[in-house]
Every structure is written in structure tokens, then in C-alpha cells.
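Written out below as C-alpha cells is the structure these notes cover.
The values are calculated or read from the model by the stated rules, or taken from the named source; none is laboratory data. What you see is a predicted model, and the numbers here were worked out from it, not measured in a lab. Cβ: placed from backbone, ideal geometry, glycine included. Neighbour counts: every protein chain shown. Remember, those area values only see protein heavy atoms, side chains included, never the ligands or the DNA or RNA. Shrake-Rupley method; radii C 1.70, N 1.55, O 1.52, S 1.80 Å.
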Amino acid sequence: QVQVVESGGGLVQPGGSLRLSCAASGSIFSRYAMAWYRQAPGKQRELIASITSGGSTDYGDSVKGRFTISRDNAKNTVYLQMNGLKPEDTAVYYCNANLGLLNFWGQGTQVTVSS
């Protein structure tokens with residue numbers, strides 16, 4: 001079982017920045033593909049950024065050019081740097097660790113973008 005814990009959420013003004021962190025337990029973190037999802041009230045969970053074990057990244061259209069995903073395998077941690085935040089980015093942000101058929105989720109961290 002892999003424990004996944006997100007942190008770094010909070011309240012930020014439009015145009016501001018936040019960096020989310022996701023710490024995962026286990027000795028094979030480097031083999032996991034990692035991803036960030038978000039879910040706004042009344043909406044489906046949305047994949048916004050992913051990074052493979054090899055470091056290749058991909059982004060959803062809604063965040064491309066504003067968000068950056070990265071990983072530090074030495075720290076078993078993946079990050080989501082969010083710049084140029086908009087009110088529509090308000091959601092609970094979830095971290096996912098994937099290895100084949102195995103999927104592990106964190107509890108989520110709330111991000112609220114409001115003036």
C-alpha cells in the first residue's frame with residue numbers, strides 16, 4: 001500500500017501562485033507515474049498534469065502554460081507549481097500514483113482563488 005499525502009493548498013488572489021506537494025511512501029516511488037487531478041463542486045474529476053517515471057510531462061488544456069509538474073525521486077515527492085491562478089482553478093486537488101493496475105490517491109488539498 002502506498003500512502004499519498006498532498007499539501008500546499010490555500011486561499012490565493014487571482015493572478016497569484018501556489019506550489020502543491022505530494023509525498024508518497026514506498027521504496028519504488030521512481031517507478032510510479034504521478035499525476036494531479038482536480039475536482040470543482042458539481043464537476044467531474046479532471047486530469048490536469050502528469051509525469052512519467054522517466055520525467056515526461058503532459059498537461060490539460062485548461063492549465064497548459066500556467067502549471068508545471070515536477071518530481072524529486074530522492075524525496076519521494078511530486079510538485080505542482082501553479083502560476084497565473086484564476087477563479088476557475090478553485091477546486092480540490094488530488095495526487096495520484098500509478099503503476100500498471102495499481103492506483104493510489106491522496107485525500108486532496110483545497111485551492112481557492114478569490115479576491
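Points to keep in mind about this one:
- Carbon plus sulfur fraction of accessible area for the chain, probe 1.4 Å, in percent: 48
- Set of lysines with alpha-carbon distance to residue 75 below 20 Å, sequence-local pairs under 8 removed: none
- The trypsin sites (Lys or Arg not before Pro) of the range 1-61 that DSSP puts in a loop, and whose beta carbon has at most 15 other beta carbons within 10 Å, are 43, 45.
- What the chain shows is 53 Å² of accessible area per residue, with the surface traced by a 1.4 Å probe over protein heavy atoms.
- Label-to-label distance, residue 61 versus residue 13, with points set 7 angstrom from Cα along the beta-carbon direction: 3.2 nm.
- Reachable aspartates and glutamates from residue 64, criterion Cα separation under 16 angstrom, eight or more residues apart if same chain: 46, 88, 89
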